[in-house]
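Worksheet: the structure to be examined is printed underneath.
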Amino acid sequence: MAADQTKILTAEQEAQLRQPIDDYVGGIQAKIDALRADGTDKVMEYQSALEDLKRDRIYTAEEKAAKRAEYTKALAKAKEVEAKNKAEISQLIAQGESYLKEHFDKDYYQAVEASGKAETAAAQERYQQLVDQLNKEHQETLSKLTDQGEIKDEKYVQKNRLFDAKMQLSKDLQESKDRRHAAFSHKYHLIDMLRMSKFTFGESMAQRWENYKYTFNRRDFLLRNGLYIAIIVIFAALCVITPIVKDTPLLTASNILNILSQASPRMFLALGVAGLILLAGTDLSIGRMVGMGMTAATIVMHNGPNTGGVFGHVFDFSGLPVLVRVFLALVVCVVLCTVFTTIAGFFTAKFKMHPFISTMATMLVIFGLVTYSTKGTSFGAIDGSIPRMIIPRIGGFPTIILWAVAAVIVVWFIWNKTTFGKNLYAVGGNPEAASVSGISVFWVTVGAFVLAGVLYGFGSWLECIRMTGSGSAAYGQGWEMDAIAACVVGGVSFTGGIGKISGCVVGVFIFTALTYSLTVLGIDANLQFVFSGIIILVAVMLDCLKYVQKK
């Protein structure tokens, strides 16, 4: 069926439909502007002048005082005028909004929207007719050719003709989309002028939804969210399968709190390595950092002489108050982890060594030192009062989650509100450009490794308290993969300079929930590595596709 051409508006017809609305609201706007001239406009002018005066250094103190007095007096007068005209302005604004509500959609926007649908249908019809015609001509041409070279050339030309037709369709569809979007936005432009950029919550949400639909691209959406959708589907399937296979519901409040508890120490690790990935790097030593931190923390917080020794020496910190031992364990964990990350950061920054190599070296050194010094001994449990003191459960709620929340807030602040955070993005995006602009690439790189070490120290200390000790060199094996995978799944790009804290948080929860679900279902721990590997592969593939598309 042919598209209804009678509904398609020309630009002149659309302008004619809009003209009465613009004239009416414009007349009201002119009255409002006149009332604001000596009131609101002057208030804004003098408030700005007073702010500028605070920063101005060309005047003496006496001159500043005189001008401040002058501006303050004028401001007070302008506020009187503003207050006097406020009721009349509000009445005019209400009159304009009432007119828009009654006439904008009915007399203008609905016609533009119908025109856009008709334009879209007409464009698609033209495209289909053109494709049919091109294919017909192509077949007629091929039937007359016998030379294989000429046939090949004709097929290549036909491919280009079809591509041009598709591009023309995209252009026509975009033009129709642009006109409808412009018509929608015009209403809010008029409201913006009437109210001086003050929108209600509903109006703001309507504009955001419209802008989202206008800029929506299916390919981009799937590249950004395809992996999340797949994982959610898998998790939903597990929620259905688990009660059937194990006769145990998966999605319960208790299980959710357990997942959040397990995710909390891992959050510190993911936040630490996220800063390194932001610099287009990585860290292979995270798991060994956790083992080292767990061992050190267990030794310090153990109640009585330790069951094993370090280089043959048995420690006993039970003579110290509990809080002192807790704090000392934290300091030891942070210092040990920071020392090794700083070493890796120094070699990475100074000698342009890839973090894969520098962190692999520290991983081997840490594991070798801790295993040799402790003979691979597991150091038992920590003082039983410490978990109840540091991460108590209040009404069934595990407060260990609050430690993770605090870490997220602190790292978010560092990334988004500090000079170091801005430099981190700059160096990760383009280290050469950052260096030319005056940023020290060396110190930003070392700083990222130091921050990672502090977070690893906190994470291993918190994990030790959560697990009530049992520290050994082997603990934490494979955790580096979980932390890196959580960041990649959360959108922290290995290309550098791209990533958000919210992505790390989501990534940690996804991996912890998936691991927990598979464990409840009874899937072998070794097979769980297969799932993790597939997720990492798909996440990096999507990240690479996004990067190629931008290029």
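Going by the structure shown, is Ile465 in a helix (DSSP H, G or I), closer than 29 Å to Met541 by Cβ and touching a helix residue (DSSP H, G or I) at 6+ places or on another chain (Cβ under 6 Å)? So Ile465 does not fit the description; no.
Among the residues of segment 495-508, those identified as of a type outside the set (Lys, Arg) and either over 17 Å from Ile534 (Cα atoms) or touching a strand residue (DSSP E or B) at 6+ places or on another chain (Cβ under 7 Å) (or both) are Thr495, Gly496, Gly497, Ile498, Gly499, Ile501, Ser502, Gly503, Cys504, Val505, Val506. Scan segment 272-279 and tell me whether some residue there is out of contact with any strand residue (DSSP E or B) (no Cβ under 9 Å at 6 or more places or on another chain), assigned by TED's automatic domain parsing to the domain that holds Val508, of a type outside the set (Phe, Trp, Tyr) and over 25 Å from Phe458 (Cβ atoms). No, every residue in segment 272-279 fails to be out of contact with any strand residue (DSSP E or B) (no Cβ under 9 Å at 6 or more places or on another chain), assigned by TED's automatic domain parsing to the domain that holds Val508, of a type outside the set (Phe, Trp, Tyr) and over 25 Å from Phe458 (Cβ atoms). Checking each residue in segment 110-126 for being hydroxyl-bearing (Ser, Thr, Tyr) and more than 36 Å from the chain's Cα centre (by Cα) picks out only Ser115. Considering every residue within segment 122-129, establish whether at least one is surrounded by 15 or more Cβ atoms within 10 Å (Cβ to Cβ) and in contact (Cβ under 8 Å) with a residue 60 or more places away in the chain. Scanning segment 122-129 turns up at least one residue that is surrounded by 15 or more Cβ atoms within 10 Å (Cβ to Cβ) and in contact (Cβ under 8 Å) with a residue 60 or more places away in the chain.
The residues listed here are Phe379, Phe317, Phe311; of these, the one that is farther than 30 Å from Gly447 by Cα, in contact with a strand residue (DSSP E or B) (Cβ under 8 Å, 6 or more places away or on another chain) and of a type outside the set (Lys, Arg) is Phe379. None of Gly503, Gly471 is over 23 Å from Ala344 (Cα atoms) and at pLDDT below 85 except Gly471. Does Thr248 qualify as being at pLDDT 85 or above, assigned by TED's automatic domain parsing to the domain that holds Ile523 and hydroxyl-bearing (Ser, Thr, Tyr)? So Thr248 fails the test. Val446 falls short on exactly one of the conditions (1) touching a Ser or Thr at 6+ places or on another chain (Cβ under 9 Å); (2) at pLDDT 95 or above; (3) crowded, with 24+ Cβ neighbours inside 10 Å, and that condition is (3). For the condition at pLDDT below 90, buried (at least 21 other Cβ atoms within 10 Å of the Cβ), in a helix (DSSP H, G or I) and touching a helix residue (DSSP H, G or I) at 6+ places or on another chain (Cβ under 6 Å), Val492 does not qualify.
Could we say that Glu45 is surrounded by 12 or more Cβ atoms within 10 Å (Cβ to Cβ), assigned to a helix (DSSP H, G or I), assigned by TED's automatic domain parsing to the domain that holds Phe184 and of a type in the set (Asp, Glu) here? Yes; evaluated as a whole, the condition is true for this residue. Cβ-Cβ contacts under 6 Å between residues 6 or more apart (or on different chains), taken from a first residue in segment 474-487 that is part of a loop (DSSP other than H, G, I, E, B) to a second residue that is not charged (D, E, K, R), are listed as Tyr475/Gly291; Tyr475/Met294; Gly476/Gly287; Gly476/Val290; Gly476/Gly291; Gln477/Gly287; Gly478/Gly287.
Please go through segment 327-352 and give me each residue that is over 16 Å from Ala452 (Cβ atoms) and surrounded by fewer than 22 Cβ atoms within 10 Å (Cβ to Cβ), ordered by number. Matches in segment 327-352: Phe327, Leu328, Val331, Val332, Lys350, Phe351, Lys352. Of the helices (runs of 4 or more DSSP H) contained entirely in segment 315-392, those carrying at least 1 residues that are among the aromatic types (Phe, Trp, Tyr) and assigned by TED's automatic domain parsing to the domain that holds Gln477 fall at 322-350, 355-374.
Anything in segment 532-543 that is crowded, with 16+ Cβ neighbours inside 10 Å and under 16 Å from Val233 (Cβ atoms)? List them, or say none. Residues satisfying the conditions are Ile535, Val538, Ala539, Leu542. Evaluating Lys198 against the criteria (1) modelled with pLDDT of 85 or more; (2) of a type outside the set (Val, Ile, Thr); (3) part of a helix (DSSP H, G or I) leaves one unmet condition, (3).
Of the numbered criteria (1) within 20 Å of Ile535 (Cα to Cα); (2) outside any helix (DSSP H, G or I), the one Leu250 fails is (1). Considering Ala344, Ala404, the condition of being in contact (Cβ under 8 Å) with a residue 12 or more places away in the chain and under 27 Å from the mean Cα position of the chain (by Cα) is satisfied by Ala404 alone.
The values are calculated or read from the model by the stated rules, or taken from the named source; none is laboratory data. None of the values given here were measured: they were computed from a predicted structure. Cβ sites come from the backbone with ideal geometry, for glycine too, and all protein chains shown count toward neighbours.
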